[in-house]
Amino acid sequence: MNKINFYEFIGIMIGDGCVLYYPHHKVYGIEITGNADEERDYYQMMSEFLEKKFKKIPRVYIKHEKSAKCLKLVMYGKKIAEYFIKNGITCHKTYTAIIKDNFLHWNKSRHIIRGIFETDGSLYFSKAGAKTRPDYPRLTIKTSSPKLAEQIKKILKEQLFRVHSHKDGKTEVIYLSGTEMLEKWIKDIGLNSEKNITKYKLWKKLGHYIPRISLRERKALLNSAS
């Protein structure tokens, strides 16, 4: 894993982030929400990035919802909110999120796409053909922003990824399929969270994946003798 850089963090904000900018209530800052069981290491990396960038420690805590518990990162401050607004993150971005034009070059956008994937994407494995075990990889990113979907597809196609997509209501699902595309993603874009790195490593170790196992279980399997 590598430290989160500025462009990856912009991708994180595009994926699962929210800018808080409410002058009437004097509430300003950013908020990011994730999986409490799978993403603690990645949130620690986010916290370290923000502390170094703004000389301020964000609050990271678990929030219990009706259906599950989620991980929250919150950092308050008007200058912080305005900083991310200036860099293309709007307050209500569900249908309007974009990658700023000056971030579209591959040396920046590959980090942004990694951040989007780590927070709003998925790596999973399915059974191919007559196989009895799930060994066929697929990476997906879902977005409700038509402009963002087009940007991501264009960027990836320019780098010779075989990109596919389909609509799921108002959401567009962008996906890459097969071993070749996963290995190209690892080489050109990379993974940066234990959640996804352990999935990839377990697949490599076993030659297939074991569905519905936790991060703790994946790490135990990876640490066990071959």
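The values are calculated or read from the model by the stated rules, or taken from the named source; none is laboratory data. No experiment lies behind these values; they were computed from the predicted model shown. Cβ atoms come from the backbone with ideal geometry, glycine included; neighbour counts cover every protein chain shown.
Data table
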| item | result |
| --- | --- |
| Some residue of region 129-152 being in contact with a Gly (Cβ under 7 Å, 6 or more places away or on another chain), surrounded by 13 or more Cβ atoms within 10 Å (Cβ to Cβ), aliphatic (A, V, I, L, M) and under 24 Å from Lys93 (Cα atoms) | yes |
| Lys52 of a type in the set (Lys, Arg) and either part of a helix (DSSP H, G or I) or within 19 Å of Ser122 (Cα to Cα) (or both) | yes |
| From Ile30, Ile57, residue being buried (at least 20 other Cβ atoms within 10 Å of the Cβ), β-branched (Val, Ile, Thr) and not assigned by TED's automatic domain parsing to the domain that holds Ala149 | Ile30 |
| Search result, residues across region 202-226 that are part of a helix (DSSP H, G or I) and closer than 20 Å to Arg40 by Cα | Leu202, Leu215, Arg216, Glu217, Arg218, Lys219, Ala220, Leu221, Leu222, Asn223 |
| Selection status of Lys157, at pLDDT below 95 and either closer than 29 Å to His208 by Cβ or not β-branched (Val, Ile, Thr) (or both) | no |
| The listed residue being surrounded by 13 or more Cβ atoms within 10 Å (Cβ to Cβ), out of contact with any helix residue (DSSP H, G or I) (no Cβ under 6 Å at 6 or more places or on another chain) and touching a residue at least 12 places away in the same chain (Cβ under 8 Å), out of Asp37, Asp41, Asp16 | Asp37 |
| Tally of residues being surrounded by 13 or more Cβ atoms within 10 Å (Cβ to Cβ), β-branched (Val, Ile, Thr) and within 17 Å of the chain's Cα centre (by Cα) across region 67-113 | 5 |
| Residue within region 199-218 that is among the polar types (S, T, N, Q), within 19 Å of Arg110 (Cβ to Cβ) and in the same structural domain as Thr119 (by TED's automatic domain parsing) present | no |
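Yes/no matrix, rows are residues, columns are (1) within 17 Å of Ile141 (Cα to Cα); (2) without any contact (Cβ under 8 Å) to a residue 12 or more places away in the chain:
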{"position": "Lys167", "(1), (2)": "yes, yes"}
{"position": "Glu172", "(1), (2)": "yes, no"}
{"position": "Leu176", "(1), (2)": "yes, no"}
{"position": "Lys187", "(1), (2)": "no, yes"}
{"position": "Glu194", "(1), (2)": "no, no"}
{"position": "Arg212", "(1), (2)": "no, yes"}
{"position": "Leu221", "(1), (2)": "no, no"}
{"position": "Ser224", "(1), (2)": "no, yes"}
